[in-house]
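The values are calculated or read from the model by the stated rules, or taken from the named source; none is laboratory data. Computed from a predicted model, the values in this text were never measured in an experiment. Counting neighbours? That spans all protein chains shown, and the Cβs are built from the backbone with ideal geometry, glycine included. In case anyone asks, the SASA skips ligands and DNA or RNA and just uses the protein heavy atoms, side chains included. Shrake-Rupley method; radii C 1.70, N 1.55, O 1.52, S 1.80 Å.
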Amino acid sequence: MIHTPIQKLEFPNDRNVRLYCKREDLLPFSLGGNKVRIGRAFFRDMQEKNKDCMIIYGNSRSNLCRVLANLCCAEKIPCYMICSSEENEEHPIETNNSRLMKWLGAEVIPCRKTEIAQTVEKTMNRLTEEGYHPYYIFGDKFGTGNEGTPVQAYVDGYREILAWEKEQNISFSHIFAASGTGSTQCGLVSGKLLEQGTEQIIGLSISSREYDRAIRIMESGISDYFAKNHLVLPEGWESELHLEMGYRQGGYGQYDERILQVIREEFCRNGLPLDPTYTGKAFWGMKQYIEEHQLQDCDVLFIHTGGTPLFYDCILNDTDGGKK
């Protein structure tokens, strides 16, 4: 895996907070993003388990589904996407990610949010009857049992950050990242535990998932990763899971003019392409967090987790072009 650059951003503020950005969006496959690392981890796991087709789950905005469908297409592996709508949507919306899914030949199976488990089970049974050995990325039909698989991706990512800090003689006080499935945050926290890091890792929820469930899933992911690798978790490790729920704007895919304004500003100021579902919302949340927690005279890192196709959706849907 290619190491992605960390760049200093222009970040006007009166607290002397110096902001850096790790450009995971520049990973050279399928328009980049954190899901390239995570997707490859799932794909390796599927191969190691001798499965011959993949079932993925997500919304039509999903970066993970795009990357996994791309990996499957490139390797000529059949791919099936269980695609749910959010509660405020009658059916899945069309996005650049969902358009790419058509290019990539994935079979998209729409379902209601309340029918995910049944749809996964039905699809697994159908494919088994057809002679396939299907692999569902999230484990069983309830989405449990495979939480630890993608964690190594961002243990490695955390170690890349440590190496850069040592080289540049910079020490981050905080690392911020969008938190949806929680895999990236699990990896970063696991890396911190293993390397005895000192910074705070802040996940900014962009999901509709409730706090208790989100924390349980991340705890399962970290404990599963440590167990599979015969590692010992330090006492009190759960206190390292910092998940901010106050910047979600109502849940997954929801955003307002404040987030669009941040997206415009950061592209114009830093040439940084953000999107309203993941990185734009997280970047806005990070700015709010810095003010609300009165961070001062420190170096902080934002993980740009990607979503380039959704950045272009944002431009197409911005009817006033940013004019006031």
TODO: Go ahead and run the numbers for FRET between ASP140 and ARG15, Cβ-Cβ distance against an R0 of 45 Å, rounding to 0.05.
DONE: 0.45
- [ ] Work through the residues other than CYS186 whose Cβ is under 10 Å from its Cβ and net out their charges, Lys, Arg +1 and Asp, Glu -1.
- [x] -3
Open item on the list: Just to be sure I understand: with springs between alpha-carbon atoms less than 10 Å apart, which residue in SER183, SER205, SER85 has the highest mean-square fluctuation in the Gaussian network model of the chain?
Closed with: SER85
TODO: Determine the sum of side-chain charges near ASN63: Lys and Arg each +1, Asp and Glu each -1, restricted to other residues whose C-beta is under 13 angstrom from that of ASN63.
DONE: 0
Task: Residue-normalised accessible area of the range 153-223, expressed per residue, 1.4 Å probe, Å² - done: 39
Open item on the list: How charged is the neighbourhood of PHE138? Take every other residue with its Cβ under 12 Å from the Cβ of PHE138, and add Lys/Arg as +1 and Asp/Glu as -1.
Closed with: -2
Task: Long-range amide H partners of PHE172 with built H, under 5 Å - done: none
TODO: Can you find, among THR305, ILE137, PRO78, the residue farthest towards the positive end of the dipole of the chain? Put +1 on the C-beta of Lys and Arg, -1 on that of Asp and Glu.
DONE: PRO78
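Give the shape of the range 1-99 as rounded, prolate or oblate, defined through the alpha-carbon gyration tensor: a ≥ b ≥ c are the square roots of its eigenvalues, a/c under 1.5 means rounded, and otherwise the shape is prolate if a/b is larger than b/c and oblate if not. Mind dumping the intermediate values first?
Details: a/c = 2.95, a/b = 1.49, b/c = 1.98.
The shape class here is oblate.
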Open item on the list: If the rule is a partner Cβ under 4.7 Å, which cysteines in the chain fail it?
Closed with: CYS21, CYS53, CYS65, CYS73, CYS83, CYS111, CYS186, CYS268, CYS298, CYS314
Open item on the list: Just to confirm the filter: which trypsin sites (Lys or Arg not before Pro) across the range 106-175 are DSSP coil and have at most 11 other Cβ within 10 angstrom of their Cβ?
Closed with: none
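Scan the range 1-77 for trypsin sites (Lys or Arg not before Pro) in coil per DSSP, keeping those whose Cβ has at most 11 other Cβ atoms within 10 Å, and list them by number.
LYS49, LYS76
So which of LYS102/LYS141; LYS8/LYS102; LYS102/LYS281; LYS141/LYS287 end up more than 30 Å apart by C-alpha?
Numbers: LYS102/LYS141 24 Å; LYS8/LYS102 37 Å; LYS102/LYS281 27 Å; LYS141/LYS287 37 Å.
LYS8/LYS102; LYS141/LYS287, as the Cα separations exceed 30 Å there.
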Open item on the list: Compute, for the range 137-187, the length of the dipole vector about the Cα centre, with Cβ point charges of +1 (Lys, Arg) and -1 (Asp, Glu) only. Units Debye, rounded to 20.
Closed with: 80
Open item on the list: What are the ³J(HN,Hα) couplings of the range 196-206, residue after residue, when phi is run through the Karplus curve with 6.51, -1.76, 1.60 and θ = phi - 60°? Round to Hz, x for glycine and proline.
Closed with: 6, x, 10, 6, 8, 9, 10, x, 9, 5, 10
- [ ] Taking the dipole about the Cα centre of the range 224-279, with the C-beta of Lys and Arg at +1 and of Asp and Glu at -1, give me whichever of VAL232, TYR255, PRO273 is farthest to the positive side.
- [x] PRO273
Task: DSSP-loop chymotrypsin sites (Phe, Trp or Tyr not before Pro) across the range 109-190, with at most 10 other Cβ within 10 angstrom - done: none
TODO: Per DSSP H run of n ≥ 4, the term is -39500 (n - 2.57); total these for the chain, divide by its residue number, and report the mean residue ellipticity at 222 nm rounded to 500 deg cm²/dmol.
DONE: -13500 deg cm²/dmol
- [ ] May I ask for the distance between the Cα centers of the range 1-62 and the range 131-200, given as a whole number of Å?
- [x] 10
